[in-house]
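Asker: I am attaching a structure below and will ask some questions about it afterwards.
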Amino acid sequence: MGLPQWADVGMYLQTVMLLLRAEGLHSCPQMAWSVHRRTVAEVLSPPDGLILFCGMSIGFEDVTVGYARTGRAPLDETVTFVED
Ligand SMILES: Cc1cc2nc3c(=O)[nH]c(=O)nc-3n(C[C@H](O)[C@H](O)[C@H](O)COP(=O)(O)O)c2cc1C
């Protein structure tokens, strides 16, 4: 399929992330892994024909570690609903 279908990958990732939350887990998708795909392939020996789109760290939040929490824009700032 074409370039627009990359959105499907994003939607799949988000679904996995939401399901992880339902299980009490947190996650952090990391596209930067794709830059190091050859090194990752040396470790994982993936079948031919696959690409490394991104990695995802999964685990339980360590509340003792401080970090900047980013906010989320309100829905009306990012989505336009058109009514006929
Ligand atoms: C598909 C995807 C790939 C990402 N790749 C990276 C990455 O390579 N490096 C990075 O620092 N953040 C990356 N991010 C952002 C972090 O996963 C995370 O969203 C960000 O640190 C903000 O954290 P928060 O979503 O909990 O607010 C990526 C996000 C998405 C959705």
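Readers should treat all values here as calculations from the given coordinates under stated rules, not as data from a laboratory. Since we're looking at a predicted model, the values are computed, not measured. All Cβ positions, glycine included, derive from the backbone under ideal geometry; neighbour counts span all protein chains shown.
Asker: Given the criterion within 16 Å of the ligand (Cβ to nearest atom), touching a residue at least 40 places away in the same chain (Cβ under 8 Å) and of a type outside the set (D, E, K, R), identify the matching residue among 63, 9, 40.
Answerer: Of 63, 9, 40, the one residue that is within 16 Å of the ligand (Cβ to nearest atom), touching a residue at least 40 places away in the same chain (Cβ under 8 Å) and of a type outside the set (D, E, K, R) is 9.
Asker: So, one more: State all residues of the range 1-36 that are over 15 Å from residue 56 (Cβ atoms) and touching a Leu at 6+ places or on another chain (Cβ under 6 Å); if no residue qualifies, say none.
Answerer: Hits for the range 1-36: nothing passes.
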